[in-house]
Amino acid sequence: DVFHQADTAADGGVQWPYYLGLYGNYTIWNYAVGGAVCSNSLTPLYGEPDVSGGQMDWFIQDHIGLHGRLLLDPDSFSVIIFVGTNDVGFGSFLTDDQPDNSTLPDIADCQLHTIRRLHSLGARKFVLNLLTPLQLTKLYSNSSDPTIYHPAPHNGTVWHKRMNDLVHTMNRLLSDGVKSINSEWRGNGRVEIFDTYRLFQEMFHHPMRYFNGSIPANVTGHCHQCPDPDDYRQCGLGDCTLDQRDSYMYWDELHPSEQYVVNPQTGAAPGNREVANCSRLFLQNREESGGGDAS
């Protein structure tokens, strides 16, 4: 079932799958959990149900019957995987807090293994979202100013450079892994890549095309304010107004705004040409990887 509009999310609005279901006229089963990682054994962070474990179990509970039989027509649905921000951020790889035996290839393999496991259960159509340019956020910018997510002192220049490297390395590992999977399957299923990194860059460099609130488009600031980074109870003081929200690319120091998440969903909806640039980033990647099912 599509999540109701009243549900809140880290973008200050509603969860992005709602918009995908709305603009594409799709039924959405959303198993994502805020604060989750691909595997709690690789990057234990907040202990939320992870993609490869708890969230996979929910899918199996809903769609796999007796004797491991898929209850859905494999041509009727696509699996979308979008994870990685928490795996590489502070408290993990960025700050060298990951377990000693965890590596970036392990994190990429976790996503790829999840796809392979779903394929073994009968799923055949997948979309893997690349990591976004996290170095553009306030949290991972050149600034060493404290934020509500990390009020402790830190070297912003080091964080910024390292995050840039982590994101690019992960995206290369994921892209190469998807090519291997598609070659391995020989047409019996396909993984497409949605280049979320390039989508963010497109919006960052051409904000007037995407952000249409009551004030000029803003891709460097954020709507949701926390005046005292040591006191979350003050968060919300000084927020932008409702009619200004759609001018911002970011909701807070880390999360994109609701207007950002609307754009790729409208671009992905069949027959919608208003945000054609968004879907073009996906289609171009399709052509480079040798084609496949666009649905």
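The values are calculated or read from the model by the stated rules, or taken from the named source; none is laboratory data. Just so it is clear, the model here is predicted, and its values are computed rather than measured. For neighbour counting, all protein chains shown are included, and Cβ atoms are generated from backbone atoms with ideal geometry for every residue, glycine included. Heads up: the accessible areas ignore ligands, DNA and RNA and are worked out on the full protein's heavy atoms, side chains in. Shrake-Rupley method; radii C 1.70, N 1.55, O 1.52, S 1.80 Å.
Could you sort 158-164, 101-107 so that the peptide with the highest average Cβ count within 10 Å comes first and the rest follow in order?
Working: 158-164: 18.0, 101-107: 16.3.
Ranking the peptides 158-164, 101-107 by packing returns 158-164, 101-107.
Per-residue 3J(HN,Hα) values for the stretch 141-149, derived from phi via the Karplus relation 6.51 cos²θ - 1.76 cosθ + 1.60 with θ = phi - 60°, read 7, 5, 6, 9, 5, x, 10, 5, 7 Hz in sequence order (x marks Gly and Pro).
The residues of the chain have, on average, 49 Å² of accessible surface per residue, using a 1.4 Å probe with all protein chains present.
Round to the nearest 0.05 the FRET efficiency obtained for residue 117 and residue 46 when R0 = 25 Å and r is the Cβ-Cβ distance.
On the way: r = 23 Å, r/R0 = 0.92.
Step by step, r from the Cβ atoms, then E = 0.60.
Considering only 175, 114, 158, the residue lying farthest towards the positive end of the dipole of the chain is 175, judged by Cα position with unit charges set on Cβ.
Could you check how much of the accessible area of the chain is carbon and sulfur, as a whole percent, using a 1.4 Å probe? Mind dumping the intermediate values first?
Details: 7190 of 14520 Å².
Taking all protein chains in place, the chain shows 50 percent carbon and sulfur surface.
Antiparallel as a % of all DSSP beta bridges within the chain, to the nearest 5? All intermediate terms of the calculation are to be shown ahead of the outcome.
Details: 2 of 11 bridges.
In the chain, approximately 20 percent of DSSP beta bridges are antiparallel ones.
Distance between the 7 Å Cα→Cβ label points at residue 158 and residue 183: 3.9 nm. When the trypsin sites (Lys or Arg not before Pro) in the stretch 173-202 are filtered for DSSP coil states and for at most 14 other beta-carbon atoms within 10 Å of their beta-carbon, the remaining sites are 186. In this Cβ point-charge picture (+1 for Lys and Arg, -1 for Asp and Glu), the chain has a dipole of about 940 debye about its Cα centre.
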